[in-house]
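Nothing in this text is a laboratory measurement; each read-out follows from the coordinates by a stated rule. In this text, all values refer to a predicted model and were calculated from it rather than measured experimentally. Neighbour counts run over all protein chains shown; Cβ positions are idealised from the backbone, glycine included.
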Amino acid sequence: MRNRIAVLISGWGTNLKSLIDSAKSGIFEISCVISNKKQAPGLKFAEESSIPSFVVGRDNMEDEIHRILINYEIELICLAGFMRVLTPEFVNKWKNRVINIHPSLLPSFKGLNAQEQALKAGVKIAGCTVHFVTPELDSGEIIVQGAVPVLPDDNLNSLTQRILKMEHVCYPLAVKKVLTNQLEQDYYFLQ
Ligand code: GRF
C-alpha cells in the first residue's frame with residue numbers, strides 16, 4: 001500500500017502539482033488536499049486529479065484539519081504555500097509528520113518575502129529548503145535544499161520563478177526521503 005500524504009495549500013498550488021505528478025509513479029499517494037482559502041487556484045489541480053479537497057474556515061481550523069487527517073489516515077502532512085502558522089499544540093500532535101517548503105536556503109531569510117530578503121541582502125546564491133515543521137517558524141530539521149544563482153539582472157519575479165522551479169524538484173524528493181527513512185542521506189541540488 002502506498003503512503004498516504006495530505007497537502008495543505010493557500011494559493012497557486014504549483015508545489016501541489018509537482019507532488020501530484022511525482023505521485024503518479026511514486027511510493028506515495030496524495031489522499032487529500034486542504035486549503036484555508038476557498039478561491040485558492042491550486043484547488044483545481046486536486047479536482048483535475050480527482051483528489052478529495054477541503055476548504056477549512058478560520059474558526060476551529062486546526063480541529064477541522066486534524067479530523068480530516070485522521071479520516072484519511074494521513075502519514076505525512078506537506079505544507080505547500082499554506083499561509084497560516086500552525087500552533088505548537090497541533091505541531092506537537094503531528095510531531096515529525098509535518099514538513100514545509102520555504103523559498104530560501106534556511107536558516108537565512110525566514111518568514112515572509114524570503115526572495116525579496118535575498119535580493120535585498122545581495123546574496124549570489126539563493127534557493128529553497130524542505131524542512132520539518134516545529135513550533136518555531138522555519139527552524140526545523142532540514143531535509144533537502146536546492147540552490148540557484150542570483151543573476152545580475154534578476155528582479156523579484158525572475159528570482160521567484162527560478163527558485164520555484166527548484167522547489168518542484170526538491171519537494172517530491174524530500175517526501176520520498178522522509179517516507180523511506182533516508183534522513184541521514186544528503187540531498188542537495190545545484191542549478
Ligand atoms: C512557494 O514559494 C513556497 O516555497 C512558499 O509558498 C510558495 C507556494 O507556491 N511556502 P505554490 O502555491 O506551491 O505555487
Completion exercise
The ³J(HN,Hα) series, computed from each phi in segment 156-167 with the Karplus coefficients 6.51, -1.76 and 1.60 at θ = phi - 60°, rounded to the nearest Hz and given as x for glycine or proline, is 4, 5, 5, 5, 4, 5, 5, 5, 4, 4, 5, 4
Problem - Karplus-derived 3J(HN,Hα), 6.51/-1.76/1.60, for each residue of segment 173-188, Hz, glycine and proline x - result: 5, 5, 4, 4, 4, 5, 5, 9, 6, 10, 5, 6, 6, 7, 10, 8
Problem - Net lengthening on full extension, Glu141/Trp94 (0.36 nm per residue, minus Cα-Cα) - result: 15.4 nm
Exercise for the section: Sort Ile125, Ile143 so the one with the fewest other Cβ atoms within 10 Å of its own Cβ comes first. Expected result: Ile125, Ile143
Practice task
May I ask you to compute the full-extension gain from Glu47 to Glu184, defined as 0.36 nm times their residue separation minus their alpha-carbon distance, rounded to one decimal in nm?
Solution key: 45.8 nm
Completion exercise
Computed about the Cα centre, the charge dipole of the chain from +1 Lys/Arg and -1 Asp/Glu charges at the Cβ has a magnitude in debye, to the nearest 20, of 200 debye
Practice task
Can you grab the distance from the C-alpha centre of segment 13-32 to the C-alpha centre of segment 40-110, Å, no decimals?
Solution key: 14 Å
Practice task
Please state, rounded to one decimal and in Å, the Kirkwood hydrodynamic radius that segment 37-171 gives when every pair of distinct Cα atoms enters the mean of 1/r.
Solution key: 16.2 Å
